[in-house]
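Peer 1: Shown below is the structure under consideration.
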Amino acid sequence: MAEYFPEVPKIQYEGPKSKNPLAFKHYNPEEVVAGKPMKEHLRFAVAYWHTFRGTGQDPFGVGTMIRPWEDPQDSVANAKRRVEVAFEFMEKLGVPYYCFHDRDVAPEGRTLRETNANLDAIVPVLKEHQERTGIKLLWGTANLFSNPRFVHGAATSCNADVFAYAAAQVKKALEVTKELGGENYVFWGGREGYTTLWNTDVKRELDHLAAFLHMAVDYAQKIGFTGQFLIEPKPKEPTKHQYDFDVLNCIAFLKTYGLDKHFKLNIETNHATLAGHTMMHELELARVHGLLGSIDANRGDLLLGWDTDQFPTDLYLTTEVMLVVLRNGGLAPGGLNFDAKVRRESFEPIDLFYAHIGGMDAFARGLKIAAQILEDGWLDELIHERYRSWDSGIGARIEAGEVGFEELEAYMLEKGEAAPNTSGRQELIENIINQYL
């Protein structure tokens with residue numbers, strides 16, 4: 001078997017003082033943090049689409065990436081060779097998981113039957129390399145947005161045949177994910193939304209989307225797929241408004257249509273910022289509703305209004321993420337998938353290693369900082385102190401459901417005025433967090 005990255009050895013942990021760009025400075029997979037090895041907290045995955053299919057193309061220019069293993073034809077033979085590339089990369093990087101869309105790993109044919117046959121030719125190759133390396137599939141999904149047939153959406157399309165095609169495609173993707181031992185399956189509604197309400201029947205589209213997801217639940221149960229179903233919120237781009245806008249929007253949709261027992265959320269940083277939120281906000285809202293499932297680890301550029309999918313190197317971001325993850329008790333069976341791409345100007349294959357090493361180190365530091373904050377206990381104590389009025393007296397009676405408006409009116413008429421508020425201490429908190437960084 002050919003070697004595609006001969007200049008890159010197996011990436012090792014060398015510690016913070018190392019100057020080797022092809023070594024981890026902070027990610028030490030066996031190091032125990034908060035009672036578990038670092039690798040169990042982080043559960044890193046490589047995104048097949050950006051890492052092995054990204055070209056560097058943007059709206060203003062063709063691709064720039066130098067990928068010696070690619071040929072001009074997106075053939076099955078090329079797809080098989082790409083699997084070798086992917087697993088060499090992931091094995092040298094030392095990640096335990098990968099993720100893919102169906103069209104990432106196998107080319108689309110002229111018909112659905114031909115496309116399925118192409119996928120069937122690649123699945124045994126993926127399975128062989130998984131068994132050889134021990135690398136697993138974190139999740140699979142179906143690309144229901146690239147082909148022109150999905151111009152009006154997939155499950156929300158105004159064309160019933162497109163809905164049927166999308167259902168057939170997800171059926172196959174679920175079968176493939178099960179065959180490869182995928183621990184989750186993601187629904188990412190790339191075009192499930194609208195551009196203008198003048199030509200949109202919103203109620204009908206939402207009903208169709210819910211029916212589609214119920215069909216998926218039924219089929220998964222039929223074939224014995226026991227992985228976690230995940231929905232990935234995204235507010236816009238390419239459509240003006242997508243139905244999976246943000247975490248609370250998705251939760252409302254799932255509960256309205258009786259799907260909340262079957263789905264959790266796969267949350268992406270760049271999608272959070274496009275929705276006008278922070279990543280910590282989205283993660284925490286999912287956590288408190290018991291629906292935090294997995295994370296697409298990236299970041300955006302706040303000076304740009306689109307999904308730039310940059311690698312996460314911001315320590316404030318990774319610390320905030322891991323603080324929520326630790327409070328959630330972890331992500332399993334989900335993980336941290338690097339849905340991130342090297343910059344158009346970083347076009348050599350070795351840049352893929354630099355990017356992933358940086359992201360893995362940043363999350364390792366975020367994990368250690370978050371664990372230390374929780375162990376020190378001052379943040380929890382500060383929050384507890386802030387809400388102390390709810391632990392006894394009238395606050396405890398309100399939470400216990402023992403009083404209503406009449407009783408609360410009587411309480412305040414007798415007391416005359418509310419007790420003084422306490423300071424939120426935001427600046428103090430920020431100062432203390434900076435001490436950890």
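The values are calculated or read from the model by the stated rules, or taken from the named source; none is laboratory data. Please read all numbers here as calculations on a predicted model, not as lab measurements. Positions of Cβ are generated from backbone atoms using ideal geometry, with glycine treated the same way; all protein chains shown enter the neighbour counts. Protein only, heavy atoms only, side chains kept; ligands, DNA and RNA dropped before computing areas. Shrake-Rupley method; radii C 1.70, N 1.55, O 1.52, S 1.80 Å.
Peer 1: Yes or no: F405 aromatic (F, W, Y) and surrounded by 14 or more Cβ atoms within 10 Å (Cβ to Cβ)?
Peer 2: no
Peer 1: Ok, one more. Could you please give the count of residues in region 86-101 that are open to solvent by 20 Å² or more (accessible area, probe 1.4 Å) and assigned to a helix (DSSP H, G or I)?
Peer 2: Residues in region 86-101 being open to solvent by 20 Å² or more (accessible area, probe 1.4 Å) and assigned to a helix (DSSP H, G or I): 3 in total.
Peer 1: Follow-up. Filter region 143-170 down to the residues that are open to solvent by less than 30 Å² (accessible area, probe 1.4 Å) and either polar (S, T, N, Q) or outside any helix (DSSP H, G or I) (or both), then identify the one that is farthest from E192 (Cα to Cα).
Peer 2: The extreme case among them is Q169.
Peer 1: Considering only region 331-408, give the helices (runs of 4 or more DSSP H) lying wholly within it that have at least 2 residues that are among the acidic types (D, E) and within 24 Å of Q435 (Cβ to Cβ).
Peer 2: 350-376, 378-386
Each row is one residue, and each column tells you yes or no for (1) open to solvent by 10 Å² or more (accessible area, probe 1.4 Å); (2) outside any helix (DSSP H, G or I); (3) farther than 22 Å from M360 by Cβ.
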position: D71; (1), (2), (3): yes, yes, yes
position: N78; (1), (2), (3): no, no, yes
position: E84; (1), (2), (3): yes, no, yes
position: R103; (1), (2), (3): yes, no, yes
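Peer 1: I would also like to ask the following. Is at least one residue of region 311-326 open to solvent by less than 10 Å² (accessible area, probe 1.4 Å), touching a residue at least 40 places away in the same chain (Cβ under 8 Å) and assigned to a loop (DSSP other than H, G, I, E, B)?
Peer 2: Yes; the residues of region 311-326 include at least one that is open to solvent by less than 10 Å² (accessible area, probe 1.4 Å), touching a residue at least 40 places away in the same chain (Cβ under 8 Å) and assigned to a loop (DSSP other than H, G, I, E, B).
Peer 1: Next question, about the same structure. Quick one: how many residues across region 50-69 are open to solvent by 30 Å² or more (accessible area, probe 1.4 Å), of a type in the set (F, W, Y) and in a helix (DSSP H, G or I)?
Peer 2: The number of residues fulfilling the criteria is 0.
Peer 1: Pairs needed: first member in region 416-428, within 17 Å of S392 (Cβ to Cβ); second member anywhere, open to solvent by less than 100 Å² (accessible area, probe 1.4 Å) and part of a helix (DSSP H, G or I); C-beta distance under 7 Å; at least 6 residues apart or different chains.
Peer 2: Final answer for the pair search is A419/S389.
Peer 1: Still on this structure, please answer the following. For the subset of region 105-142 comprising residues that are open to solvent by 50 Å² or more (accessible area, probe 1.4 Å) and touching a Phe, Trp or Tyr at 6+ places or on another chain (Cβ under 9 Å), which member is farthest from G181 (Cα to Cα)?
Peer 2: Going through the qualifying residues, I end up with R132.
Peer 1: Of all residues in region 18-41, which are in contact with a Pro (Cβ under 9 Å, 6 or more places away or on another chain), basic (K, R) and open to solvent by 70 Å² or more (accessible area, probe 1.4 Å)?
Peer 2: Listed by number, the list holds a single entry, K39.
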